[in-house]
Amino acid sequence: MDAFPSPPRDADSPLSDADSPRNARASRNLAVARWLLGDAGRAVLAALPPYRSDDVFALTARLRREGLDADQAASALTLSRLRARAAAKFGERAGAMFFTADGYEQATRLSVGALHAARFVEAGARRVIDFGCGIGADSLAFTLAGLDVAAIESDPVAALYAAANAPKAKVTCANGLATELPDADAIWLDPARRAEDGRRIASPERWIPPFSRALSLARGFPLAGIKVAPGIAYHALPPRAFVEWISERGQLLEAVVWLGMGTGRAATIDGERLDSGAKTADEPAVFVAPRPLGPLLFEPDPAIVRSGGIARLCEKHGLAPVSEGIAYLTGEAVPPHCAAFEVLDVVVPEAKRIKRSLAAHGIGRTEVKKRGTEVDVAAMAKKLSGRGGDAGVVLFSPVLGRHRAIVARRTAVTF
Ligand SMILES: C[S@@+](CC[C@H](N)C(=O)[O-])C[C@H]1O[C@@H](n2cnc3c(N)ncnc32)[C@H](O)[C@@H]1O
């Protein structure tokens, strides 16, 4: 662990004023992280029972009696909680990994890291810089795919954990913007998109590093990938990039701007890539003329919607939007990568009218969805849900330009 003798101290570092209480806290966090990674910390972690929030008080008391200080006890239990949560992202491997709370939130799940790695391998990369590696989730996936990884992380605790989580990567604790980057044929950048209070940062220019800075760094390498928010606007994208929106089990996770790997846009759904038909990353999505709503309504996977792949999906499966620019589609048969709904009724969007229709169709528990209209989904679901009866869905949306509530039932889900 001597690869991380001290936190970086430069103008951009939060640790530049060594005497501030904040820096005292940072030094303490680093000392506790080192302890957790050492034999004593690992022995404590190994002896903890599976995490249950109800046990925390009793376990804290036990650890304190065993001689741990308050920070050590709290950190061991936090890590135990994060490892339990992280099984969703890393499977069994999570039980031996090291996380900070922020690092965990920002970490790429292993299946998606494997997709990133596969893109680099397919493009012929051998040595990748992981710029801002966090706790090392992408670095781990890159090394598992056989890539040689030079990882850089400015947060000293995250850097220590990255070295433990991705032992085959060479991790350096430094501000990558103030350091000469090593030679590599590819660079991976995953800018931090959360503020210190945990809130998401919407503006790409306020990400750390800012998107424009990430792009200029990326352009210095033959191959590059930049993870971005999936809601990024097309006009913010460089035209000569290939942009991939990634979803798993219907959940949109991220988008990646690839440089040196062609141009266009695609959705990657549970590992399967669907090209949107766009020739450049920034061109507008193709418009499809709407059609009257039939007995079936489809909601495409969000990665298809974001990548602008609706026109291609409609063309391939004989579908059309229920209103101009709305990603609720209608057609004869259930297409792949879409949630499907059997339409029971279409009514004006007034609670009384909708409730009457739900009752007439024997629907109690009601899920609410919306597109192209202002509705408080949670409040409306509460208002419309009744006891007993079947499960149903009310979709608020324009239908051929008129705001409507579509009363429906889920049919086969093909996510
Ligand atoms: C979103 S996280 C990376 C998560 C990582 N890809 C993973 O899957 O675990 C972004 C990280 O970049 C680091 N970072 C931001 N600017 C940096 C810089 N100039 N130099 C080094 N690291 C930086 C942050 O400290 C943060 O840990």
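Grab the Cα-Cα distance for residue 47 and residue 360, subtract it from 0.36 nm times how many residues apart they are, and report the gain in nm with one decimal.
106.9 nm
Please report, in whole Å, how far the alpha carbons of the range 256-415 spread along each principal axis, starting with the longest.
55, 29, 29
What do you get for trypsin sites (Lys or Arg not before Pro) in the range 54-150 restricted to DSSP loop and a cutoff of at most 11 other Cβ within 10 Å of the site's Cβ?
none
Taking 8 Å as the Cα distance limit and 6 or more residues as the minimum spacing, I'd like the relative contact order of the range 296-413 as a percentage.
28 percent.
Tell me the net charge near residue 59. Cut-off is 13 Å between Cβ atoms, residue 59 excluded, with +1 for each Lys or Arg and -1 for each Asp or Glu.
Once positives and negatives cancel, what remains is +2.
Kindly provide the pair-distance distribution of the range 329-415 built from C-alpha pairs, with 5 Å bins from 0 and whole-percent values in order of increasing distance.
The distribution over the range 329-415 is 3, 15, 26, 25, 19, 10, 2, given as percents.
In Å and from the alpha-carbon atoms only, list the Rg and Dmax of the chain.
Cα-based Rg and Dmax for the chain come out at 24.7, 71 Å.
Working out 0.36 nm times the residue gap between residue 391 and residue 126, then minus their Cα-Cα distance, what length gain in nm do you get to one decimal?
This chain segment gains 90.3 nm when fully extended.
Apply the Karplus curve 6.51 cos²θ - 1.76 cosθ + 1.60, θ = phi - 60°, to the phi angles in the range 272-284 and return the couplings in whole Hz, x for Gly and Pro.
9, 8, 10, 6, 7, x, 5, 8, 10, 6, 9, 6, x
How many nm separate the modelled label positions at residue 111 and residue 279, each set 7 Å beyond the Cα in the direction of the Cβ?
Placing both labels 7 Å along Cα→Cβ, they lie 3.6 nm apart.
Would you mind pulling out the separation of the Cα centroids of the range 220-267 and the range 269-348, in Å?
20 Å
Hey, got a sec? Which GluC sites (Glu not before Pro) in the range 190-274 land in a DSSP loop and have at most 15 other Cβ atoms within 10 Å?
Loop-located and lightly packed - 196.
First measure r as the distance between the Cβ atoms of residue 64 and residue 177, then evaluate 1/(1 + (r/R0)^6) with R0 = 30 Å and state the FRET efficiency to the nearest 0.05.
With a Förster radius of 30 Å, E is 0.15.
For 206, 409, what's the largest-to-smallest order of accessible area, 1.4 Å probe?
206, 409
Could you give the radius of gyration (one decimal) and Dmax (whole number) of the Cα atoms in the range 372-415, in Å?
Cα-based Rg and Dmax for the range 372-415 come out at 12.1, 34 Å.
If I take every Cα pair under 8 Å that is 6 or more residues apart in the range 33-168, average their sequence separation and divide by the length, what percent do I get for the relative contact order?
It comes to 20 percent, rounded to a whole number.
Label residue 352 and residue 249 with points 7 Å out from Cα along Cα→Cβ: what is the distance between them in nm?
With each label point 7 Å from Cα toward Cβ, the separation is 4.3 nm.
Quick check on the range 97-196: what does the Kirkwood estimate of hydrodynamic radius come out to from the alpha carbon pairs, in Å?
13.1 Å
Which value, in Å², gives the accessible area per residue of the range 38-97 when a 1.4 Å probe is used on the protein heavy atoms?
Result: 57 Å² of accessible area for each residue.
Report the FRET efficiency, 1/(1 + (r/R0)^6), for residue 144 and residue 87, where r is their Cβ-Cβ distance and R0 is 22 Å, rounded to 0.05.
0.80
I need the Kirkwood Rh of the range 38-97: take the reciprocal of the average 1/r across all distinct C-alpha pairs and report it in angstrom.
That comes to 11.8 Å for the range 38-97.
When DSSP beta bridges are limited to those with both residues in the chain, what percentage is antiparallel, rounded to the nearest 5?
Antiparallel bridges: around 60 percent, rounded to the nearest 5.
Would you mind calculating the gained length between residue 332 and residue 316 on full extension (0.36 nm times residue separation, minus the Cα-Cα distance), in nm to one decimal?
The residue 332-residue 316 span can extend by a further 4.5 nm.
Rounded to the nearest percent, how much of the accessible area of the chain (1.4 Å probe, protein heavy atoms only) is carbon and sulfur?
52 percent
With the contact rule set at Cα under 8 Å and sequence spacing of 6 or more, what percent relative contact order holds for the chain?
9 percent
For a protection proxy built on the mean count of beta-carbon atoms within 10 angstrom, sort 232-241, 299-308 highest first, please.
Highest-to-lowest ranking by the protection proxy: 299-308, 232-241.
Loop only per DSSP, at most 10 neighbouring Cβ atoms within 10 Å: give me the GluC sites (Glu not before Pro) in the range 298-368, ordered by residue number.
Within the range 298-368, the qualifying GluC sites (Glu not before Pro) (loop, at most 10 other Cβ atoms within 10 Å) are 350.
Apply 1/(1 + (r/R0)^6) to the Cβ-Cβ distance of residue 27 and residue 233, taking R0 = 41 Å, and write down the FRET efficiency to the nearest 0.05.
0.50
Is there a pair in 89/168; 89/316; 352/383; 89/369; 227/316 whose C-alpha atoms are over 22 Å apart, and which pairs would that be?
Listed pairs above 22 Å: 89/316; 89/369; 227/316.
The values are calculated or read from the model by the stated rules, or taken from the named source; none is laboratory data. Here the structure is a predicted model, which is why all the values come from computation and not from measurement. Note that we place each Cβ from the backbone using ideal geometry, even for glycine, and neighbour counts take in every protein chain shown. Ligands, DNA and RNA are excluded from the accessible area calculation, which covers all protein heavy atoms including side chains. Shrake-Rupley method; radii C 1.70, N 1.55, O 1.52, S 1.80 Å.
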